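Asks: Below is one structure. I have some questions about it.
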Amino acid sequence: MRTTQEKNLESLHQEASALAAKAQALTETYRRATWVRFTLVFFPVPFVVVLLRLQLESWHYFLAGGAYLGFSALLYTWDSRESDKCDEAVRAAGRARQAYELASHPSQRVA
């Protein structure tokens, strides 16, 4: 028969493993999607400018520059938000792992 401490220890281990797997999955998803965001920053507006360069008037370049800066700021904000989610998931997994290690080895607690 397992004691309550063993059940709690197993529960902590399962939680730490689940959070680590979630953090790994979030990080991999972020890394796979980063190239898409990178492409969205550097491709659409410059491509249109190059494509239509012979038909654009001078004031169109100011609009294109503003659109480029605005679009870049929007995508930078989006990427920062996604990166923060990954960082938080990694920190939560680390805290869970640390709680499990402290519970499984009580003699190693830091004073």
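The values are calculated or read from the model by the stated rules, or taken from the named source; none is laboratory data. These figures come from a predicted structure and were not determined experimentally. Positions of Cβ are backbone-derived with ideal geometry, glycine not excepted, and every protein chain shown enters the neighbour counts. Protein only, heavy atoms only, side chains kept; ligands, DNA and RNA dropped before computing areas. Shrake-Rupley method; radii C 1.70, N 1.55, O 1.52, S 1.80 Å.
Asks: Of all residues in the stretch 85-107, count the ones that are free of Cβ contacts under 8 Å to residues at least 60 places away in the same chain, open to solvent by 90 Å² or more (accessible area, probe 1.4 Å) and under 25 Å from the mean Cα position of the chain (by Cα).
Replies: So the count comes out to 4.
Asks: Suppose we filter the stretch 68-81 for residues that are in contact with a helix residue (DSSP H, G or I) (Cβ under 7 Å, 6 or more places away or on another chain) and either modelled with pLDDT of 95 or more or open to solvent by 50 Å² or more (accessible area, probe 1.4 Å) (or both); how many remain?
Replies: Residues meeting the conditions: 3.
Asks: Next question, about the same structure. Is it the case, given these coordinates, that E28 is of a type in the set (D, E), exposed (fewer than 13 other Cβ atoms within 10 Å of the Cβ) and either modelled with pLDDT of 85 or more or touching a Pro at 6+ places or on another chain (Cβ under 9 Å) (or both)?
Replies: It is true that E28 is of a type in the set (D, E), exposed (fewer than 13 other Cβ atoms within 10 Å of the Cβ) and either modelled with pLDDT of 85 or more or touching a Pro at 6+ places or on another chain (Cβ under 9 Å) (or both).
Asks: Being open to solvent by less than 60 Å² (accessible area, probe 1.4 Å) and at pLDDT below 90 is the filter; apply it to the stretch 41-66 and report the residue that is farthest from L19 (Cα to Cα).
Replies: The qualifying residue farthest from L19 (Cα to Cα) is L56.
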